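Written below as structure tokens is the structure these notes are about.
The values are calculated or read from the model by the stated rules, or taken from the named source; none is laboratory data. It should be emphasised that the depicted structure is a prediction, and the values quoted were computed from it without experimental measurement. So basically every Cβ, Gly included, is an ideal-geometry build from the backbone, and we count neighbours across all protein chains shown.
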Amino acid sequence: MADINKIGLLVIKDGKFLMCRKDNFTSMLILPGGKIEKGETHLECLERELREELGEVTAINLKPVGVYHDLAHSDDPGIIKTLEIQVYQGDLSGDPRPCSEIVKLVWFGKTSNRDLLTPITQNKILPDIINRGILVW
């Protein structure tokens, strides 16, 4: 079992996908979503995290994409933890806006700087969704 277990939402629009920049823990871009709390289902976690991070939005048309494993990124090189993220693809009902610890929303495209992505997104999620035709680049 991974040290950190998360749920993430992949929202694709016009060939770009929605990423978030937090104000703590990492300077890298992350998928909307977060850590599963004790007793929570994946979808309950996703619903709670989206409200916390993106405001009055609801995830709709959800379908599982995959489960990904890698080292968790931290701006502190002394912290090494494993990460498992269950990714769902869907759309958002409502207008997302940065809330809580999220300071910026970014629509990440083909020409965006991939060095801004966390290792799990850059090395595992992005290649998989491109190879499977979920994201057409």
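What to note about this one:
- Subset tally (residues that are closer than 22 Å to residue 136 by Cβ and either over 14 Å from the mean Cα position of the chain (by Cα) or of a type outside the set (A, V, I, L, M, F, W, C) (or both)) for the stretch 77-95: 4
- Selection status of residue 107, at pLDDT below 95 and not polar (S, T, N, Q): no
- Count of the stretch 90-127 residues, restricted to those that are under 17 Å from residue 27 (Cβ atoms) and part of a strand (DSSP E or B), is 7.
- Taking the criterion of being surrounded by fewer than 18 Cβ atoms within 10 Å (Cβ to Cβ) and farther than 19 Å from residue 76 by Cα, the residues of the stretch 6-34 that qualify are 12, 13, 14, 15, 16.
- Residue within the stretch 34-52 that is part of a strand (DSSP E or B) and either under 13 Å from the mean Cα position of the chain (by Cα) or on the phi > 0 side of the Ramachandran plot (or both) present: yes
- When residues of the stretch 50-83 are limited to those that are surrounded by fewer than 18 Cβ atoms within 10 Å (Cβ to Cβ), within 20 Å of residue 122 (Cα to Cα) and of a type in the set (Asp, Glu), the one modelled with the lowest pLDDT: 75
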